[in-house]
Amino acid sequence: MTTVRRPEEQELPFNVFAKACPSRGTLEHVTGRWGALTLGALHEGSLRFNELRRRVDGVSEKMLSQTLHALERDGLVHREAQPTNPPRVDYELTPLGYEVARRLLSLIQCVEGSMDAVLEARERYDGTRGAR
């Protein structure tokens, strides 16, 4: 007798909880501080490197470059170099990158919208356990 599974019960071909699964690296690129902020910024539209660096306040040139390379390698960001003098390089999301960024922005909006509760919780915690 064959057991029929609902779609949500189907085993996925990748498992981010498995140490050797390649999806874990992509999750790290997407959810790391600079990856999430870079994807969120590019959700607004194509940006040049320095525009992106200004938009993602606090990121160093080196970290932004590394982040963009990782996201491009994962197929989330497209890099377009224009043959101009000086060279012009634009970054934009791929369709997959757009979908990931859209979901990340929902999380970002949830966090931003919950900051009053978070700050109150921190204050209570620090008051009972001492600030760290």
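The values are calculated or read from the model by the stated rules, or taken from the named source; none is laboratory data. Just so you know, these numbers come straight off a predicted model, no measurement behind them. Cβ atoms come from the backbone with ideal geometry, glycine included; neighbour counts cover every protein chain shown. Accessible surface areas use protein heavy atoms only, side chains included; no ligands, DNA or RNA. Shrake-Rupley method; radii C 1.70, N 1.55, O 1.52, S 1.80 Å.
Filtered by the rule that a residue be open to solvent by 40 Å² or more (accessible area, probe 1.4 Å) and part of a strand (DSSP E or B), segment 89-103 gives a lone residue, GLU92.
Looking only at segment 77-88, count every residue that is modelled with pLDDT under 95 and surrounded by 15 or more Cβ atoms within 10 Å (Cβ to Cβ) and tell me the total. The qualifying residues number 0.
Taking each residue of segment 59-77 that is closer than 17 Å to GLY97 by Cβ and polar (S, T, N, Q) and looking for partners that are open to solvent by less than 30 Å² (accessible area, probe 1.4 Å) and modelled with pLDDT of 95 or more with beta-carbon atoms closer than 7 Å, six or more apart or interchain, yields THR67/GLY35; THR67/THR38. A count restricted to segment 48-76 and to residues that are out of contact with any helix residue (DSSP H, G or I) (no Cβ under 6 Å at 6 or more places or on another chain) and either farther than 20 Å from PRO95 by Cβ or open to solvent by 80 Å² or more (accessible area, probe 1.4 Å) (or both) stands at 14.
The residues of segment 23-47 that are open to solvent by 90 Å² or more (accessible area, probe 1.4 Å), assigned to a helix (DSSP H, G or I) and either more than 17 Å from GLY75 (Cα to Cα) or touching a Phe, Trp or Tyr at 6+ places or on another chain (Cβ under 7 Å) (or both) amount to a single one, ARG33.
Looking at SER106, SER114, just one residue is among the small types (Gly, Ala, Ser) and either open to solvent by 60 Å² or more (accessible area, probe 1.4 Å) or touching a residue at least 12 places away in the same chain (Cβ under 8 Å) (or both), and that residue is SER106.
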